[in-house]
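Right, one structure below, let's go through it.
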Amino acid sequence: MGSGINEIALIALIAFAIFFIPRMRAGKRQEVTFVKPVKKALVVSGRVRLAIFLSLLWIISVAFYFEPWNNNLAAFCYIGAWPIFLGWGLSWVVAGYKKYRR
């Protein structure tokens with residue numbers, strides 16, 4: 001029974017050494033604070049807002065004209081959706097080239 005108490009005392013001594021001795025030896029330490037980086041707010045210019053509005057207006061008006069839900073899906077895609085996707089895709093690529101040229 002005496003060896004069980006010795007093992008518990010040894011474990012307690014090791015725990016004390018691991019947790020408390022480095023704190024006692026370090027003295028007064030400066031606290032490290034972590035600062036989260038502030039995310040920039042997404043700023044959308046007036047031209048981009050106008051382009052988004054006109055794109056949605058175009059798709060909605062072409063959808064009402066061609067009625068893609070009544071077997072006119074191909075015409076709607078070619079005349080309504082395709083030019084919008086092409087325009088936004090090209091503007092995305094151009095913006096990427098401009099960003100890395102600076």
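The values are calculated or read from the model by the stated rules, or taken from the named source; none is laboratory data. Because the structure is a prediction, the values reported are computed rather than measured. Cβ sites come from the backbone with ideal geometry, for glycine too, and all protein chains shown count toward neighbours. Ligands, DNA and RNA are excluded from the accessible area calculation, which covers all protein heavy atoms including side chains. Shrake-Rupley method; radii C 1.70, N 1.55, O 1.52, S 1.80 Å.
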**Where the range 49-98 is the region considered: accessible area per residue in Å², 1.4 Å probe** = 81
**Prompt:** Got a number for the accessible area of residue 54? Probe 1.4 Å, square angstrom, nearest 10.
**Reply:** 90
**Prompt:** What ranking do 66-77, 35-46 get when scored by the average of other Cβ atoms within 10 Å per residue, highest first?
**Reply:** 66-77, 35-46
**Request:** Report, to the nearest 10°, how far helix 46-66 tilts away from the longest principal axis of the Cα atoms in the chain, using its own Cα long axis and a range of 0 to 90°.
**Result:** 60
**Request:** Quote the Stokes-Einstein diffusion coefficient, in whole µm² s⁻¹, for the chain, based on the Kirkwood radius over alpha carbon pairs, a temperature of 10 °C and a viscosity of 1.306 mPa s.
**Result:** 76
